[in-house]
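What follows is a set of notes on a single structure, which appears directly below.
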Amino acid sequence: MSKLGTLLLWLTLTTTGLAAEQYTLDPAHSQLTFRVRQYVSVVTGKFTDFSGTVTFDSEHWERSHVEATISVKSIDTGIATRDHHLLAPDFFDAEKYPTMTFRSTSVHLTGERVAEVHGDLTMHGKTLPVVIRVELQSPAKSGTDTLVWTVGTHLRRSAFGLRWNPVIEATSGISDEIEIQMRIVTPAR
């Protein structure tokens, strides 16, 4: 390979690495909420203790990567007795499984600022593939910009072993499907 070819290859490889910026999730300005249908009403809640990083390449979204950790004990449905029950061994078993984690495996751009993030979610001792829809609300102009994302997905809690009594669940009309919504703020490092 010629010296010019070697130089061009080196420039391509080094500028590709420079395009990705590292962001840390800001829990003070981010929200992680969920909704579950129960007969005609909806139970809502949130997790208040979570962290994560986003390696974002605005030119090549497919090179981006996401990792997040959620503390199960930070669940808040607004009713302390329900939260206590959800943390007990017959549901989340928060003593044995204190965190949920997500690690992306691929990112596919589906619109101008919309992507599907495929990854592995570990919850209650089980790791399953999930797809999360992500939309960038505030485009980055440089690595010093704060990014704001809206994120959503649906999960079946039974897939992760989150069931306690099928008869009670059926008679109380609690849905197996959980709707997850997030507003993620990631200031640049």
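Where a number appears in this text, it was derived from the coordinates with a stated rule and is not lab data. All of these numbers come straight from a predicted model, not from anything done at the bench. Cβ coordinates were reconstructed from backbone atoms using ideal geometry, including for glycine residues, and neighbour counts include every protein chain displayed.
Quick look at the values:
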| read-out | value |
| --- | --- |
| Strands (runs of 3 or more DSSP E) (entirely within region 31-122) containing at least 1 residues that are exposed (fewer than 15 other Cβ atoms within 10 Å of the Cβ), among the small types (G, A, S) and touching a residue at least 40 places away in the same chain (Cβ under 8 Å) | 99-109 |
| Tally, over region 27-74, of residues that are within 16 Å of T146 (Cα to Cα) and touching a helix residue (DSSP H, G or I) at 6+ places or on another chain (Cβ under 6 Å) | 1 |
